[in-house]
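Student: Okay, here's the structure, questions in a sec.
All of the numbers you see were taken from the coordinates with simple rules; none came from a lab. Bear in mind that the values here come from a model prediction, so they are computed numbers and not experimental data. Positions of Cβ are backbone-derived with ideal geometry, glycine not excepted, and every protein chain shown enters the neighbour counts.
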Amino acid sequence: MMGHDISGLVIHVFSTFGNMIWQIFWPLAFGLILSSWIRNLIPVSSVVKHLGKTTPVSLGFTTFLGMVSSSCSYAAASLSHTLLVKKSTVANAMAFLVSSTNLIVEMFIVLVALMGWTFLWGEVIGGLILIATVGFLFSRFFPQDVEQELRQHLEDAQPQKASCGMDMSEMSGDHSDCGMDMSKMKSDDSDCGMDMSKMKSDDSDCGMDMSKMKSDDSDCGMDMSKMKSNDSDCGMDMSKMKSDDSDCGMDMAAKPQSATMEKITKSAGFFQMDIAMIGKEILIGVVVSSILIALMPQDGWRALFISNDAGLPVWLHSFLDVIIGIFVAMIAYVCSVGNLILAAALWHGGISFGGVIGFILSDVLTIPMIRVYQKYYGKRPAKWMVGLLFVAILFTGLCVDAIFNGFGWVTSDQTVRALNQSGFGFNMTTVMNLIFIPVSIWYYRLGKKANAGMGMSM
């Protein structure tokens, strides 16, 4: 009997897992493909120069930039770090961080598919409130001395610049030096940097067998038979290199693509990198959520949250639910898209509307993300970042709860869909999956091949 119960439970978990994967696959694939196209058309570098001051215009730029970027919280942290390295203000970088994880296309699509339109508008309004709050808090309350410490940490962490992997900082204008230290060379460059004081009258031979040397003595005893007219090649095989020296030794012999196919390939590269970064996190989110949905009874969730019958003031009940939502998110260990699945489970368990929104917005406060902040910026700046983000998310959750409950926009029976509904059968979900499963596999393989050719294989 016990074994039968366990096997039935395992089957139930796997059934829930399969149904959830089937329901979210096409909207997630479609959103990521669309996001990759937008990222290709609008690179980060084109707007970084506008983020040196915190203004409503700069917050608008950084919000838009975040919306067209990856949904992965770790990728967003990396990009916000890049903005700070390029002298963006802390407020703009943090606004980018929250917009990149909460106002992106694929998240909206999955949110509607799982929880309905009311939660989409709650997320949009909450995201905008959060961005404005983050801009205000970080521009007014992030201490100057902490920012200086952050900037110093960024400066100390910057690597030495290199050209094609070689240190060119000491190269002279005469490219025939071939990358050797020429600081001790005499006026006669044919000495090749060696002590010539004991050399005989034929100084140009440098004491080496010159029988095979060509007329150009600056070759310094190297086999120059394959060298081209441009001596800066330094003995490297340049036969496959094009005129653009920035190719840095990559194989450029591939057949040129059409302009359209080149854009598709480059966009596919962004798609593959996004999948490589967030695929595992989404899978973890689905697994955790499937187990919680399958195993956690409704009464278990109600025990976690504050009951409506507790007799607490409305504002206090909302405050405690948002706090609980934030702390659950901190230990959930999944990215923004994966959080949506768990958010649906929390909503089924009885958390308030503001608590759900607070939970979704808190994907930037997970324990792994806090460790990333410490690595990027140092412990003290990371503490201030986490503290101000916590306050901003708490304030946003309370505002959203007050707005939607105040206007009567929240109806628990109509604003969330059954999580374990069967998506199998001839329906819209099946048709879209039959389209997007092969398309996403082809697109992923195209992006992986493109990134491997660029030495960026993940």
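Student: Suppose the chain between Val112 and Thr55 were pulled fully straight at 0.36 nm per residue; how much longer would it get relative to their current alpha carbon spacing? Numbers along the way, then the final one.
Tutor: On the way: separation 57, 0.36 × 57 = 20.52 nm, distance 3.19 nm.
In short, 17.3 nm is gained.
Student: How far is it, in nm, from the label point at Leu295 to the one at Val314 when both lie 7 Å from their Cα along the line to the Cβ?
Tutor: Distance between label points: 3.8 nm.
Student: Calculate, in nm to one decimal, what Ala157 and Lys280 gain on full extension: separation in residues at 0.36 nm each, minus their alpha carbon distance.
Tutor: 41.5 nm
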